[in-house]
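Worksheet for the structure shown next.
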Amino acid sequence: MESKDWWKKSVVYQIYPKSFNDSNGDGIGDIQGIIEKLDYLKKLGVDVIWLSPVYDSPQDDNGYDIRDYYAIFEQYGTMSDFDELLTEMHKRGLKLVMDLVVNHTSDEHAWFVESRSSKDNPYRDYYFWRDAAETNNWGSIFGGPAWEKDEETGQYYLHLFSKKQPDLNWDNSAVREDVYKMMRFWLDKGIDGFRMDVINFISKNAAFPDGPVAEGDQYGDAGSDFCNGPHIHDYLHEMNQAVTSRYDVMTVGEMPGASTEDAVKYTDPDRQEVDMIFTFEHMNLDCHGDNKWDLKPLYLPDLKANFAEWQSALDEKGWNSLYWNNHDQPRIVSRFGNDSEAYRVLSAKMLATCLHFMKGTPYIYQGEEIGMTNIRFEDLNDYRDIELLNMYRDNKALGWSHERLMEAIYTKGRDNARTPYQWDDSANAGFTSGEPWLRVNPNYQTLNCKQALADPDSVFYYYQKLIALRKEKEIMTTGRFALLLPDDETIFAYERVTANEKLVVLCNFSDKEQQYQPEMVTAGTLLMHNLPAPEIGILRPYEAVVYEIQQ
């Protein structure tokens, strides 16, 4: 019988449906396209599919602006396509986790259409409406102010993201009840959990004080006034009691700005909130402050210290999610690895090794398992991401040069992760027979899934082995994490330890040969390696080795 916390041993694969596989030639990925590739995902060995939003949406933010929580976006298919997907996944032993987007809706959602129609509409209080004098200096995460004037009533509504994504007022119990009703609808269909979009933003300080304005910034930093806000734990516990605890499901909360102390509270099973969260601290180490576009090189001891802090803080209480990539992050092999022809495959395997041997549930983002890379479109018009385009406009006005802006986009833009999946070397990488909604990365002719499946030494088969090991080796789920060589600027080394065995993981993050103390592993047996014939005490460029030691 499967344990209640089956997600601890699972590996999750994220599908961004718009870019995964197009079955009908309209240039947009769809649900039937996903069904066509389920056997591929089964071959990879993953257990859970996290599906980015497929709900009805105007697509202002690629589906994270939901018009109808009970309907499927027309270009993705129908509800019967969705039901077929769920059936076909369950047939193969794959679980389905849906994206839950309830910090905001689309401005075309029926609730907001009603809400904006008059000040005394029953849905008025489903959102935050204020007179001009009651608004504050918060900025939208996608650029511009967080308040938008609505001509119908002359008041302003809050939108932490696009102005087409008004924030829901979770202080209104009717909003919460409607959300829980919708969650039950999908869970009763048989889905296996939720990834909760910016879920720690749902509780705002409704006094809406101004935030401090940093030098060079236009808007105030709201900080704790909407992030990990005043009633967040009450609302997540209520959601757990009313809905998720009544089903055998996994829940993961996307929580920007959550510290390890916050994470322990959110994920402590005794508190009954969520099973795990997505943290972002390790994703902010190659920029200055919280401005992801203000680039700086990664300093490896910072990355190691950050992972060690999260591993140790959640060791006894709570649970970690482990990820390098998702639809909001650039490709990791281009970011912390080396996407040159000489080192792309090696560094992709090294990065996978580094992450997958840690304690937590690993997440793989589509294309990561074949080592897909960032894109460099020279023409800004080839990009589609609203955040990226707004950033260019806003920072150009602040005096950033075109060259600096494009380098930031090449390094950190979200479209790096959203270029269509590279299935083969035919036109448009086999993603579509039509015109793709976003240009395909030109390297698809040599970097594609067909080529990876034909090469026994490919990144794909390395991921397959890592996933299989997690099921075989109990220590990968239960072992305590201990960081080694914390100050080394090129080697990421750690142990996983139980009472009678340990794993030693050594990863070279550089393109130079590095040395380590041979006695760290001399008593061990080689378990995993990304280069043939490893030599104890030496790590070649981007080499990764794992030794198993009985104690």
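The values are calculated or read from the model by the stated rules, or taken from the named source; none is laboratory data. Bear in mind the structure is a predicted one, so any value in this text is a computation, not a measurement. Every residue, glycine as well, gets a Cβ built from its backbone with ideal geometry; the counts of neighbours run over all protein chains shown.
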Task: Count of segment 188-224 residues which are under 27 Å from Pro122 (Cβ atoms) and either touching a helix residue (DSSP H, G or I) at 6+ places or on another chain (Cβ under 8 Å) or touching a residue at least 60 places away in the same chain (Cβ under 8 Å) (or both) - done: 11
TODO: Considering each of Tyr542, Tyr516, Tyr462 in turn, give the residue that is more than 26 Å from the chain's Cα centre (by Cα), among the hydroxyl-bearing types (Ser, Thr, Tyr) and buried (at least 17 other Cβ atoms within 10 Å of the Cβ).
DONE: Tyr516
Task: Answer from Pro436, Pro420 - the residue that is under 21 Å from the mean Cα position of the chain (by Cα) and touching a residue at least 60 places away in the same chain (Cβ under 8 Å) - done: Pro420
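Yes/no matrix, rows are residues, columns are (1) among the charged types (D, E, K, R); (2) under 27 Å from Asn395 (Cβ atoms):
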residue: Val179; (1), (2): no, no
residue: Arg195; (1), (2): yes, no
residue: Asn200; (1), (2): no, yes
residue: Gly211; (1), (2): no, yes
residue: Glu215; (1), (2): yes, yes
residue: Asp221; (1), (2): yes, yes
residue: Phe226; (1), (2): no, yes
residue: Ile232; (1), (2): no, no
- [ ] Collect the residues in segment 334-393 that are modelled with pLDDT under 95, touching a Lys or Arg at 6+ places or on another chain (Cβ under 8 Å), in a loop (DSSP other than H, G, I, E, B) and among the acidic types (Asp, Glu), keeping them in residue-number order.
- [x] Asp385
Open item on the list: Checking the conditions here, which among Gly143, Gly93 is assigned by TED's automatic domain parsing to the domain that holds Leu51 and not in a helix (DSSP H, G or I)?
Closed with: Gly93
Task: Those residues of segment 158-187 which are assigned to a loop (DSSP other than H, G, I, E, B) and either among the small types (Gly, Ala, Ser) or without any contact (Cβ under 8 Å) to a residue 40 or more places away in the chain (or both), in sequence order - done: Ser162
Open item on the list: What's the number of the only condition in (1) assigned to a loop (DSSP other than H, G, I, E, B); (2) in contact with a helix residue (DSSP H, G or I) (Cβ under 9 Å, 6 or more places away or on another chain); (3) under 24 Å from Leu346 (Cβ atoms) that Leu438 fails to meet?
Closed with: (3)
Open item on the list: Among the listed residues Phe481, Phe460, identify the single one that is within 17 Å of Leu322 (Cα to Cα) and either modelled with pLDDT under 95 or not in a loop (DSSP other than H, G, I, E, B) (or both).
Closed with: Phe481
- [ ] Return yes when Ala452 is without any contact (Cβ under 8 Å) to a residue 60 or more places away in the chain and at negative phi and no when it is not.
- [x] no
